[in-house]
Structure formats: structure tokens, C-alpha cells
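The values are calculated or read from the model by the stated rules, or taken from the named source; none is laboratory data. Just so you know, these numbers come straight off a predicted model, no measurement behind them. Reconstructed Cβ throughout: ideal geometry from the backbone, glycine too, with neighbour counts over all protein chains shown. Heavy atoms of the whole protein, side chains included, go into the accessibility calculation; ligands, DNA and RNA do not. Shrake-Rupley method; radii C 1.70, N 1.55, O 1.52, S 1.80 Å.
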Amino acid sequence: MEQSYEQSLKRLEEIVKLLEEGGLPLEKTLELFSEGTALITSCSKYLDDAEQKITKLLGNGERDA
Amino acid sequence: MITPTPTVYSVNDLNTYVKQVLDNDENLKYIFVTGEISNFKAHYSGHLYLTLKDEKAAVKAVMFAGNASKLRFMPENGMKILAFGTVSLFPRDGSYQLYISDMQPDGIGALSIAFEQLKAKLEKEGLFSPLHKKPVPRFPRRVGVVTSETGAAVQDIFNVLSRRFPSAEVVLRPAKVQGEGSAIDIAKAIKEFNELDAADVLIVGRGGGSIEDLWAFNEEIVARAVFESKIPVISAVGHETDYTICDFVADLRAPTPSAAAELAVPDKIELKGELLSLKQLLFNSVKGTINNERANIRAIEQKDVLRNPIVRINENRKDLVYISERIENLTANAVNLNKNKLGTLAEKLNALSPLGVVARGYSLVENKGKIVKSVADVSIEDEISMKLSDGSVVAKVLRINEG
């Protein structure tokens, strides 16, 4: 994902709001629509495709609870 | 000791002798004494001086800096304690005292006292203030975890994180969570995360255990590290009922490590639901716009000009015919009107014509081509012509009778 999930979601909500308010030229509407569907696709992909990555910082943990 | 010849002791000899007697008495070594603290004095050297008393008696006591530094609470006047130590004599004063090597509050545990004291101190400093609480990000890219690598807590945290939000990277900094040096290690781990900027949110904690096991999370050094952390910290120590200083300082307190993981990341299922409803809204809103546009097009299609151009042309033609007819009518009317006017004028003109006058029986007299209007216009013997309606008569002037 190029931008963070948070940013994508925010943009998506913005697009829906713009479209719901209406009054935009058809061309602009379709442009926003395709941007919105692309964002939904990339967000879904971000959620679905991820396999948790675990990295470790060097430390000196011991065997206890 | 009693001899026939009395021995005379110096004061110092006496005190030294009594000290020896006390020191050699096994019953006075490593004993427990309970009492209430009074005359408490913490010397700058670190030694603690106090008097232990009960309802009937008092005894002086001292605790040297080496032992005092290990205390987890600060003794206070009026505090009832259980002291552990050895009885001896301070030769200079000749007073015997209890040399305390360890003590704990009688009744409530030393740790509880320490807990309350540190809590009160940090609260006063404002470390627990809501003003200092940082918001936990909703969609962290990296979740930092400070806990034991081998404990149950780390597995619980990993399980919840991977179930709820596998998109986030988990960064584990294994730390010693109990025993000697654990508080220092936890504090260090928190600092490392901040120095490396290695996480967007931190989970600091461990699984359940005794108050001693959890003690590292009640240490000031951990509390300060949490407070100073730029990265929001979720504290997750022990079970639901365990409260630690770390919990109070943290930006968010979770009852358990699993709960901390749930607070750290959003739920993937919920997010997918959210995306789905956004998708629905997106489609619906665009559908609405497209339907509107379609309705507009339909409305335009309904117009005659697009439906059949011939109709429009015929309509234009009709208009044209109507206009030309109207023009013709108007012209005709105008002409008629003028015709009538002309008739009237002609009649008027006719009435004024001299010929008309002649026709009514009058005659027109001319002399040498000029109309005769006066006797002065003729002379005797002039030949004058008289125009009648059906011809003219030429006559000679015989006489002139002036008017």
C-alpha cells in the first residue's frame, strides 16, 4: 500500500461524502468513483494478503512468565 | 566477676564488657522485634536512626546505609514494623540498641507500602494525569512488544494480533520481567523502541504472578520510562485484578496481555465490514448520479426537435404561412381604407371643381384666357368666352355697369 491504511480510509470516506453531496460533473463523479474502487481494492488487499511479520529487537529476555 | 578484691572499671571497660556479654548471647542475635517507629531520622549518610516502642517500653535502633538502601519503602514515624536484627551496645553512650538488618511494615506488606508511596509521589508529579495520555493510533503499522520471550503473555499477544490485524508488523523486544535487573531491562527496552522509532504503539507487560513477580512494573524506573515514551504505551501486567504503577502511567491500561493486543490493533473483520459499507455507499451514490444523468438525457430526447426534425420544420412553415397571411390581410385592409379615403376625397374635389359649378347652371367667363372675376377685367368691345356645361359661347361686351 502506497499510503497508510488510515490515509486510504480517510480519502475513501471523503470521496463517498463528495459523491453523496452530488452536484459534481459526471466526469468528476466517475473519476472519484474509480479512485474509490481502487482504494477499496487496495485496502481489502492490505487486510487479506498480510501474513504477520514478526521482527525482534536485540534484548536479554529470560525464561519467566 | 565478684572477687574479694573489688575491681575498679573504667566506663569504657564497663561498656566494652557489657557489649561483649550482649554480643555473645545467642538469644539476642538475629531476632525479630515488633514495635512502632518514633524519633525517626534518615541521616544524609544513608543510616536510619529510630526508636522502637510499644505501650510500655522503648529501645533505640539503627539501620546502616547498606541495609537501608535495600528497603522498598521509607519508614515513617508511627509506622508499625517488624524488625529483624541483632542487639548490641553502643559503647560511647552506654545504651544498647537494635541493629536492624531488615524490616517490613507490620500488618500490610512492605511492597504494598512501597506501592502506595511511589504511587502518591508520581501522582503528585503528574505522571498519571490524563493530560499526558497519548492517543493510541487506530491503524498501527508496527506494534512493539516488551515482555518475556518465553512467557505465555507473548504467545497470547501474538495470537490476538495475527487474528485481528495481520497487516501490522510485530516488533518484539524480549525483556526480563521479574527478578534482579528486570525493571532496568524493561525501562531500557522502552527507551530502545523510542530511540529506534521502532513501533507506533507499545505493549509492555507480562502474565500473572505474585506481587513479587510483578514487582518490576511497580518500579520508578519503569514508570518514568513509560512516561517519557513518545510512543503510546499500553500496559498489560498480570490479571484483571492486578494494578501496577506502570498501569497508572501508561496511556492505556489493559487488564491482560491478550486484551492489550486487542486494544493495540483494530479487528480485520470489522474493518472489512466497514470497507463493504463504504463500497455500498460509493456505488449507491454513483448510481444516483448516473440515474439523474440518464433522466436528463431522457428529458432531452423527449423534445420535438430531436424526436423528428420534419415536425419542427413543418411547424416553422405553418408559422410562416400564418405570418404571411397576416401580412396580406393587413395590407389589404390598408389598401381598402385608402380606397375609401380616395373616394371621399374625389367627391370633395369634384364639388370644388369649376366644371361642377358650370354643370349646375353657372357659366365661367374668360377674357383672353383669364377668368373674369371683376368688371375691371373687361373693356367695351372685348370678346369674352362663356363656358357652359356643354360648350361655350363667345360674346362682345356692350356695356359695363359698375356694381
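If I ask for residues that are within 18 Å of B:Gln155 (Cα to Cα) and not β-branched (Val, Ile, Thr), which ones from region B:256-266 would you list?
Residues satisfying the conditions are B:Pro257, B:Ser258, B:Ala259, B:Ala260, B:Ala261, B:Glu262, B:Leu263, B:Ala264.
Can you tell me which residue within region B:216-230, out of those that are hydrophobic (A, V, I, L, M, F, W, C) and open to solvent by 10 Å² or more (accessible area, probe 1.4 Å), is farthest from B:Glu180 (Cα to Cα)? Steps first, answer last, please.
Step one: of region B:216-230, the residues hydrophobic (A, V, I, L, M, F, W, C) are B:216-217, B:221-223, B:225-227.
Right, trim to open to solvent by 10 Å² or more (accessible area, probe 1.4 Å) and you get B:221, B:227.
Details: B:Ile221: 13, B:Phe227: 22 Å.
Residue satisfying both the conditions and the ranking: B:Phe227.
Being touching a residue at least 24 places away in the same chain (Cβ under 8 Å), surrounded by 11 or more Cβ atoms within 10 Å (Cβ to Cβ) and of a type outside the set (A, V, I, L, M, F, W, C), is that true of even one residue in region B:49-59? Reasoning before the result, please.
Within region B:49-59, the subset touching a residue at least 24 places away in the same chain (Cβ under 8 Å) is B:50, B:52, B:59.
Remaining after also requiring surrounded by 11 or more Cβ atoms within 10 Å (Cβ to Cβ): B:50, B:52, B:59.
Of the ones still in play, those that are also of a type outside the set (A, V, I, L, M, F, W, C) are none.
The answer is no; no qualifying residue exists.
If you check every pair at least six apart or on different chains, which have Cβ atoms under 7 Å apart with a residue in region B:63-79 that is closer than 16 Å to B:Leu98 by Cα first and a residue that is surrounded by fewer than 14 Cβ atoms within 10 Å (Cβ to Cβ) second?
Listed pairs, sorted by first residue: B:Ala65/B:Ser45; B:Ala65/B:Gly46; B:Ala68/B:Gly46.
Determine which member of the set B:Val160, B:Val171 is open to solvent by less than 30 Å² (accessible area, probe 1.4 Å), in contact with a Ser or Thr (Cβ under 6 Å, 6 or more places away or on another chain), part of a strand (DSSP E or B) and farther than 16 Å from B:Ala216 by Cβ. It would help to see each step written out before you state the result.
Working: B:Val160 fails: part of a strand (DSSP E or B).
Only one candidate qualifies: B:Val171.
Checking B:Ile100 against (1) in contact with a Lys or Arg (Cβ under 9 Å, 6 or more places away or on another chain); (2) farther than 21 Å from B:Lys230 by Cα; (3) at pLDDT 90 or above, which single condition isn't satisfied?
(1)
Taking the condition of being part of a loop (DSSP other than H, G, I, E, B), closer than 14 Å to B:Leu52 by Cα and open to solvent by less than 20 Å² (accessible area, probe 1.4 Å), how many residues in region B:68-98 meet it?
Start the filter on region B:68-98 by keeping residues that are part of a loop (DSSP other than H, G, I, E, B), which leaves B:69-79, B:91-94.
Subsequent filtering for residues that are closer than 14 Å to B:Leu52 by Cα retains B:75-79.
Okay, now just the ones that are also open to solvent by less than 20 Å² (accessible area, probe 1.4 Å), so B:75.
Residues meeting the conditions: 1.
Can you tell me which residues in region B:121-145 are out of contact with any strand residue (DSSP E or B) (no Cβ under 9 Å at 6 or more places or on another chain), open to solvent by 100 Å² or more (accessible area, probe 1.4 Å) and facing chain A (nearest Cβ under 10 Å)?
Within region B:121-145, just B:Arg138 meets the criteria.
So B:Leu118 ticks every box in (1) touching a residue at least 12 places away in the same chain (Cβ under 8 Å); (2) open to solvent by 30 Å² or more (accessible area, probe 1.4 Å) but one. Which box is left unticked?
Answer for B:Leu118: the failing condition is (2).
Which of the residues belonging to region B:192-239 are among the basic types (Lys, Arg) and touching a helix residue (DSSP H, G or I) at 6+ places or on another chain (Cβ under 6 Å)?
In the first step, residues of region B:192-239 are kept if they are among the basic types (Lys, Arg); the result is B:206, B:224, B:230.
Selection gives B:Arg206, B:Lys230.
All but one of (1) modelled with pLDDT of 85 or more; (2) within 13 Å of B:Leu278 (Cα to Cα); (3) facing chain B (nearest Cβ under 9 Å) hold for A:Tyr46; which doesn't?
(2)
Kindly indicate the residue of region B:195-214 that is crowded, with 22+ Cβ neighbours inside 10 Å and over 34 Å from the mean Cα position of the chain (by Cα) and also farthest from the other protein chains (Cβ to nearest Cβ) among those meeting that condition.
B:Leu214
What are the pairs, 6+ residues apart or on separate chains, where a residue within region B:162-181 that is closer than 26 Å to B:Arg72 by Cα has its Cβ under 9 Å from a residue that is assigned to a strand (DSSP E or B) and among the small types (Gly, Ala, Ser)?
B:Val177/B:Gly205
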